[in-house]
Amino acid sequence: MLVDPELSADPAATPRDLINATRKTVIFSDDLDVIQGGPGALYAMYPSWLRESLRELGFIQFYDAIMSDRYHEHVFKSFCAPDSTCKFLFAGSGFATGLSGASDIEVVIQYGMCQWVEDLLHRFGRGVQQEHLHGLSLLMYDPAALDLSKPLPKELVVSDTMKDYARSAVCRREFIARHLDDHSREGGHTSTHGMRLAITDVIS
């Protein structure tokens, strides 16, 4: 759950209370509209009396290729700081490469299908880079993307393996190990650190 309904509805709650109670989260998408529009949609889920203060603190930010290098550097440092007030970051593929600087990400969400499973694993691998942490990796997609008889324009480039991952009935870790041809004892168990892999088809 991205927003704690009890805490956000508490009139005594302060912006700092919400920040301290929120796990650091990255929301990846290959849709620029989602990246740029996501912060506004997420802010709308919080009480109006808290939104302005949360915005001033940079609680939710986005990172995409069209912004300036100066903006990229500011967002990167803000999100990666251990005591950061930025808890949600909407980002595209370019941000996944440099995220090794943030070791305390606990939730990674992929909003929409990736083209390749390897892209998904790379993004999921940005989370839980500290041994004591436990987190969640979540794939959210439009169920119509799996209907081969009615392909969506944005899903035409999605590989069959990516779609197989989404509808797989076996453990996702086992699916990944098979796909990577990893037959080691650890292959289907520990390669994703302390992350729990999950999937849902709730995008409308």
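The table that follows gives values for the structure above.
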item: Any helices (runs of 4 or more DSSP H) falling wholly within the stretch 1-113 and containing at least 1 residues that are in contact (Cβ under 8 Å) with a residue 12 or more places away in the chain and under 18 Å from residue 139 (Cα atoms); result: 32-43, 93-98
item: Test: residue in the stretch 58-67 that is open to solvent by less than 20 Å² (accessible area, probe 1.4 Å) and of a type in the set (Phe, Trp, Tyr); result: yes
item: Counted residues, the stretch 164-180 - those being buried (at least 18 other Cβ atoms within 10 Å of the Cβ) and either out of contact with any helix residue (DSSP H, G or I) (no Cβ under 7 Å at 6 or more places or on another chain) or not aromatic (Phe, Trp, Tyr) (or both); result: 4
item: The stretch 1-52, subset within 18 Å of the chain's Cα centre (by Cα) and among the β-branched types (Val, Ile, Thr), residue modelled with the lowest pLDDT; result: 3
item: Complete set of residues in the stretch 120-143 that are at pLDDT 80 or above and either touching a Ser or Thr at 6+ places or on another chain (Cβ under 7 Å) or part of a strand (DSSP E or B) (or both); result: 124, 136, 137, 138, 139, 140
item: Test set (1) closer than 30 Å to residue 115 by Cβ; (2) open to solvent by 20 Å² or more (accessible area, probe 1.4 Å); (3) charged (D, E, K, R) - residue 16 fails condition number; result: (1)
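The values are calculated or read from the model by the stated rules, or taken from the named source; none is laboratory data. Keep in mind it's a predicted model, so treat the numbers as computed, not measured. Ideal geometry is used to build each Cβ from the backbone, glycine not excepted, and the neighbour counts take in all protein chains shown. With ligands, DNA and RNA removed, areas are computed over all heavy atoms of the protein, side chains included. Shrake-Rupley method; radii C 1.70, N 1.55, O 1.52, S 1.80 Å.
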